[in-house]
1. Here is a check on your reading of the model: is Ile155 surrounded by 21 or more Cβ atoms within 10 Å (Cβ to Cβ), outside any loop (DSSP other than H, G, I, E, B) and either within 16 Å of the ligand (Cβ to nearest atom) or at pLDDT 95 or above (or both)?
2. Does region 132-141 contain at least one residue that is crowded, with 20+ Cβ neighbours inside 10 Å, away from the ligand (no atom under 14 Å from the Cβ) and within 24 Å of Leu240 (Cα to Cα)?
3. If I ask for residues that are of a type in the set (Gly, Ala, Ser) and surrounded by fewer than 19 Cβ atoms within 10 Å (Cβ to Cβ), which ones from region 84-117 would you list?
4. Just to verify a result, which residue in region 27-43, among those that are polar (S, T, N, Q) and assigned to a loop (DSSP other than H, G, I, E, B), is surrounded by the fewest Cβ atoms within 10 Å (Cβ to Cβ)?
5. For Ile80, work out the one condition from (1) buried (at least 19 other Cβ atoms within 10 Å of the Cβ); (2) over 29 Å from Arg219 (Cβ atoms); (3) hydrophobic (A, V, I, L, M, F, W, C) it doesn't fulfil.
6. Among the residues of region 229-242, what is the count of those that are loosely packed, with under 13 Cβ neighbours inside 10 Å and assigned to a loop (DSSP other than H, G, I, E, B)?
7. Condition check: in a strand (DSSP E or B), hydrophobic (A, V, I, L, M, F, W, C) and within 30 Å of Leu152 (Cα to Cα). Does Leu245 satisfy that?
8. Go through region 196-228 and count every residue that is crowded, with 17+ Cβ neighbours inside 10 Å, free of Cβ contacts under 8 Å to residues at least 60 places away in the same chain and not aromatic (Phe, Trp, Tyr).
Amino acid sequence: MGKHFQLLKLDATDSTNQYLKDLLRSENPLDYTVVVAEKQLNGRGQMGTVWYSESSKNLTFSVLRRFDALSVKHQFVLNIAISMAVYDVLEEFLVPNVKIKWPNDIMSGSKKVCGILIENVLKGERVGQSIIGIGLNVNQTDFENLDKASSLKRITGRNFDLDELLQKLLERIWLRLEAIESKTVTQLLPFYEKLLFRKDKPSTFTDGDGEMFMGYIRRVSSSGKLVIELEDRIFKEFDLKQVSLLY
Ligand code: BTN
């Protein structure tokens, strides 16, 4: 069934993304090498944030993918493929109301259950390797100061088997990653856009200077920017550093 992964299971490491990056420098890890840790001592999130995850309750892992001909311009296909793979699995496990919060947070209702950190190693105009880090909150039930975070258990009341979940995720990730070789961002975007959190709903955002504004999420550009409709039918594209959705 699918592709064989090289699975490295660690008790603890700073960050599985960092572990794979170091491995890339020192050795020559195979395509689809996967590093999974019971505990991360320095888990990292997008834009320099910290990723907290209680030991042994959740999934924190990273996948190495090598590419021959993925152009930097098309790198958003990775965000699409990975968020849709996680989406597929959560749907399969009957997690309610799963949506993708651009660019690649996975939500159930208005709570974030999964964060994704994709770090690409560029070779000129191409993506040489991609380190795909996934933090999925599974059986943790306490999220003290993180009022927007939740877990599969908190939402469904069920306990999940971490190994089974990991296997399913790796299978879907493989399928979705293989599929992008033959597809462009433009072909994949409509499927991704359908799953967007707060699409076409009046929403409040803050811009890079912290100023609030109102708008509607309408679509995502082929370079992966979020297209928001402001008043008077003005459409504006934002990248991750320029906009944050308040919800
Ligand atoms: C985010 O939502 O900000 C992204 C969070 C990504 C967390 C995962 S956990 C496994 C991998 N290793 C890390 O240090 N981060 C990612």
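1. It is false that Ile155 is surrounded by 21 or more Cβ atoms within 10 Å (Cβ to Cβ), outside any loop (DSSP other than H, G, I, E, B) and either within 16 Å of the ligand (Cβ to nearest atom) or at pLDDT 95 or above (or both).
2. No.
3. Filtering region 84-117 for residues of a type in the set (Gly, Ala, Ser) gives 85, 108-110, 115.
Matches in region 84-117: Gly109, Ser110.
4. Asn28
5. (2)
6. Selection size over region 229-242: 2.
7. yes
8. Residues that pass the stated criteria total 7.
The values are calculated or read from the model by the stated rules, or taken from the named source; none is laboratory data. Note that the coordinates shown come from a computational prediction; the quantities given were computed from them, not determined experimentally. Here Cβ is always computed from backbone atoms with ideal geometry, including for glycine, and neighbour counts include all displayed protein chains.
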